[in-house]
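The values are calculated or read from the model by the stated rules, or taken from the named source; none is laboratory data. Values in this document were obtained by computation on a predicted structure and should not be read as measured data. Cβ atoms come from the backbone with ideal geometry, glycine included; neighbour counts cover every protein chain shown. Just so you know, the surface numbers come from the protein's heavy atoms only, side chains and all, with ligands and any DNA or RNA stripped out. Shrake-Rupley method; radii C 1.70, N 1.55, O 1.52, S 1.80 Å.
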Amino acid sequence: MAKSQSKEKTVFFCTSCGNESGKWFGRCPSCGEFNTCSEEKVRESQKGTKRIEKLSEESAPVPLSKVISDRDERIESHIKEFDRVLGGGIVKGSLVLLGGDPGIGKSTILLEVARNLSNDGQRLLYVSGEESLSQIKMRAKRVGDFSDSLLLMAETDLFVIEEAIEKTGPQLVIIDSIQTMFSPDVEAAPGSVSQVRESTSILMRLAKSKGITIFVIGHVTKEGNVAGPRVLEHMVDTVLYLEGDRYASYRILRGVKNRFGSTNEIGVFEMTGSGLSEVPDPSGYMLSGRPEGASGSVVAVSMEGTRPILIEIQALVTRSNFGMPRRTAVGIDINRVNLLMAVLEKRIGLKLSEYDAYVNITGGMRMNEPAVDLGIVMAIVSSYKDKPIDDHLFCFGEVGLSGEVRAVSQADQRIAEARKLGFDKCILPKAALSKLSKESLTGIKPYGVSFVSDVVKLF
Ligand code: TYD
Ligand code: MG
């Protein structure tokens, strides 16, 4: 008996996606990443009779109609952008993962949340496995004033943390970061896939059984033996990522999974000398410093979740000196740019294969919505013809392979956002235009287009 209890086996994990394999791999068969294999020893779980006893008490199956649904109780962090991404506040008893590159501002934003909640009288526990208490204090000084209901702890042993939670009874716990935490039950080193998973499941159990909200920070790791946040995405209730350009001061908080609200909402922040501050008007922020009367620049509207954002798309199309034209894209998928250039070449005969093209979304934003296609097309044509586009014009629409301009959703919201910023001319899909009411077009001169050739005629 004793022998079977301590049965160990060697497992190979992918540190990027958590894929488990019986043998070593150079490239993960699941996510395709190279050099992410990590060898770990795991103890096989013991099967016992205890489980049956538990079943009768807490987890006996019940019909749906008998389930008592306590409405998600939410706590507001008073950081509007943060609450919005979470779907209207922090849900009590949820486990939230905050991922992002090292140094992007994860500890800072959660410390700000802790500041606001502690000033509201909530009991909080901030556990850091990365920084000493005095380092946290230095950061806290920049961020503002805290009340004494926030307790700090520098610890990495989850058993000790669990005990501290029992003793101090916090309503919200912040774990900074999951890669530094370990459970003495698991032999693998902190940061390994099995350790990170075990630590997360301990935290999950704590959150659910005690109704404590737990925030877990996870660093995005490029390669090596440290497991990345993707490994635990499926275990937690909500996954947020804080992203941004290292060299730009703005940061975007994006929800990628949310059991209590919609995903793809974004929150925009700016890193300042005193922490992260909210950017309530991201469109205005993204468009600041826009050149006037320059060719190759156009404003497009993209929906990020429920919120429209205006962005400037720039293109520089110049004659190529080599047989193979250069194409680069910043902020959008390069394949999308190549595809749209091929459409322009084939459908309206622009000789783009002889030209280099550089396409850029200014402000360092990344956009994936197909509705920015029309903006990319317009920027390329404008630069190719060297004709500037009206400063007060904006556009949106998806472009298909036949060169057709297809309707996109939420046209009225996009127009309303642009109107707020003083735009008065709009190029949009004809199909979307026919569905718009008169009111939503107040003060806007619309140009409906159905093919890319219609767009080119406007120049
Ligand atoms: P941090 O929150 O420590 O990043 P993470 O926890 O994601 O690793 O943020 C670190 C960066 O933020 C660091 O480069 C300094 C900068 N920063 C400011 O610019 N202003 C501030 O008020 C604070 C607290 C940090
Ligand atoms: Mg940190």
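Around the amide H of Glu304, modelled in the peptide plane, lie the amide H atoms of Ile309, all under 5 Å away and 5 or more residues distant in sequence or on another chain. Across the stretch 249-263, coupling constants 3J(HN,Hα) worked out from phi with the 6.51/-1.76/1.60 Karplus curve, θ = phi - 60°, read 8, 7, 10, 10, 9, 10, x, 10, 8, 8, 6, 10, x, 7, 9 Hz, and Gly and Pro carry x. Computed from Cα positions, the angle between helix 373-385 and the longest principal axis of the chain comes to roughly 40 degrees.
If you count, for each residue, the other Cβ atoms within 10 Å and average over each peptide, how do 367-376, 153-162 line up from highest to lowest?
On the way: 367-376: 22.8, 153-162: 17.1.
In descending order of packing, they fall as 367-376, 153-162.
Taking the protein heavy atoms of the stretch 171-271 in the context of the full set of protein chains, the accessible area attributed to carbon and sulfur is 51 percent at 1.4 Å. For Val256 and Asp390, the difference between the fully extended length at 0.36 nm per residue and the C-alpha to C-alpha distance is 44.6 nm.
For the pair Val67 and Arg205 in one chain, pulling the backbone fully straight at 0.36 nm per residue adds 47.7 nm over the alpha carbon distance. Lys425 label point, 7 Å along Cα→Cβ, cut-off 11 Å on backbone N: hits in the stretch 380-394? Counting backbone N atoms under 11 Å from the label point, the list is 388-394.
Accessible surface calculations at 1.4 Å, restricted to protein heavy atoms, place the chain at 49 Å² per residue.
For the chain, the calculated P(r), taken from all Cα-Cα distances in 20 Å bins from zero up to the bin holding the longest distance, is 21, 45, 29, 5, 0 percent.
Excluding residues fewer than 8 places away in the same chain, name every one of the aspartates and glutamates whose C-alpha is closer than 17 Å to that of Lys445. Those aspartates and glutamates meeting the cut-off are Asp390, Asp391, Asp412, Glu417, Asp424, Asp454. Per-residue ellipticity at 222 nm, computed for the chain from helices alone with -39500 (n - 2.57) per DSSP H run of at least four residues, works out to -8000 deg cm²/dmol.
Top to bottom by accessible area (1.4 Å), largest first, where do Met138, Met324, Met365 land? Intermediate values should be presented prior to the final figure.
Numbers: Met138 125, Met324 155, Met365 0 Å².
Reading off the accessible areas and sorting them downward yields Met324, Met138, Met365.
Round to a whole number: what % of the accessible area of the stretch 299-438 belongs to carbon and sulfur, probe 1.4 Å?
On the way: 3100 of 6110 Å².
Ligands and nucleic acids excluded, carbon and sulfur give 51 percent.
Relative to the longest principal axis of the Cα atoms of the chain, helix 411-420 runs at roughly 80 degrees. In order along the stretch 338-351, the phi-based Karplus estimate (6.51 cos²θ - 1.76 cosθ + 1.60, θ = phi - 60°) of 3J(HN,Hα) comes to 4, 4, 5, 5, 5, 4, 4, 5, 6, 7, 10, x, 6, 7 Hz; Gly and Pro are listed as x.
Using θ = phi - 60° in the Karplus curve 6.51 cos²θ - 1.76 cosθ + 1.60, the 3J(HN,Hα) couplings for the stretch 307-317 round to 10, x, 10, 8, 9, 9, 9, 10, 9, 10, 10 Hz; x is entered for Gly and Pro.
Length gained on full extension, Arg142 to Thr272, computed as 0.36 nm times the residue gap minus the Cα-Cα distance: 45.8 nm. Loop-located trypsin sites (Lys or Arg not before Pro) in the stretch 369-459 (DSSP state other than H, G, I, E, B) with a sparse environment of at most 10 neighbouring Cβ atoms within 10 Å: Lys438.
What's the ranking of 334-344, 280-290 by average number of surrounding C-beta atoms within 10 Å, highest first? Walk me through the intermediate numbers first.
Working: 334-344: 17.7, 280-290: 15.6.
Peptide ranking by packing, descending: 334-344, 280-290.
Between helix 133-143 and the chain there is an angle of about 30 degrees, using the helix long axis and the longest principal axis of the Cα atoms.
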